[in-house]
Amino acid sequence: MGINLIDKYYLEVELNYKDMNNLVAEFILDECKELKPFNIHAKDAVGKLFLDYFLLKKVNNHHELDKILSNYSLNYTSVIHNAIYDMLEDNPVTVLWPFVSFVEKCGSFYTLNTCRGSINVYKASDIFKNSKSSYIFKRQLKEKCFARSFDFLSENRDYKAVLSYDDNLFVGGHFHAYLEKEDITLDIASNALYKSREERDKVLKGEIITKLTYEEATDSFNKVLEEVPDLDRDDDKLQVLALYYGKKKGIK
């Protein structure tokens, strides 16, 4: 498998589904015109849709839009995952996401009330603030799941990297990386730490592609380097492995 095939696979799977999700959002925006959606500028249709939703929910006028969203099979796990990103950034829009009703904070501990019941989560940067890895949490976390997971894994060899394929908001899915040690799960891109598998499973429901120790991840990447000679050694190792194994598993 050459690097061109890996790149082509990424374009076909991830970016194609991103375009399809925006197309669904455009259909929904067109269907809810009578709800007087607000003229908000956003980088894409998905962003516009949810900014509109937040403003409608603020004035308790979102219920009709809830019905429309349900007709398009809005994925509640993906929505809750997005809400947790906002919650751990102390963003007040958290409770404005669909399926989310209430947030309670006690120090580093948060409880999010959702359609899946209460979800308990810790702010990871607070938990690790006195550790050797505290500096990692000062880097960009959001949309950097592969790079930050590998950064953390390289210093904390008792963890494993979990490579998964998670559902998008409407159509298809995307590759994701997080870390686990026994019952603890660190979803570093969302700055979230779950202390039980029960809590984690309410949020991270993707198909598991593989689980790798630091040594296994580096060894596997080196083997892919031998197979794909034009691969850059400085590429995100976990992202390359997720795409490589995802294609091998036939994920589409």
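The numbers here are math on the coordinates, done by the rules we state, and not lab data. All of these numbers come straight from a predicted model, not from anything done at the bench. All Cβ positions, even for glycine, are placed from backbone atoms using ideal geometry, and neighbour counts span all protein chains on display.
A few points about this structure:
- For Thr210, the residues 5 or more places off, or on other chains, whose built amide H falls under 5 Å of its own are Leu163.
- Neighbour-count order for Cys115, Cys106, Cys32, Cys145, fewest beta carbons within 10 angstrom listed first: Cys106, Cys115, Cys32, Cys145
- Cα-based reach from Lys105 at 15 Å (exclusive), listing aspartates and glutamates while leaving out same-chain residues under 8 positions away: Asp86, Glu89, Asp90, Asp126
- Sorted fewest first by neighbouring Cβ atoms within 10 angstrom, Leu55, Leu23 come out as Leu23, Leu55.
- Where trypsin sites (Lys or Arg not before Pro) fall in DSSP loop in the range 36-127, at most 13 other Cβ within 10 Å: Lys43
- Mean residue ellipticity, 222 nm, helices only, the chain: the sum of -39500 (n - 2.57) across DSSP H runs of n ≥ 4, divided by residue count and rounded to 500, is -12500 deg cm²/dmol.
- Charges were assigned to the Cβ only: +1 to each Lys and Arg, -1 to each Asp and Glu. The resulting dipole of the chain about its Cα centre is roughly 500 debye.
- Free of any GluC sites (Glu not before Pro) that DSSP assigns to a loop and that have at most 12 other C-beta atoms within 10 Å, the longest stretch within the chain is 1-142.
- Contact order relative to length of the chain, as percent, for alpha carbon pairs under 8 angstrom and 6 or more apart: 20 percent
- Projecting the Cα atoms of Asn130, Leu35, Leu186 onto the dipole axis of the range 3-249, where Lys and Arg carry +1 and Asp and Glu carry -1 at the beta carbon, places Asn130 farthest toward the positive end.
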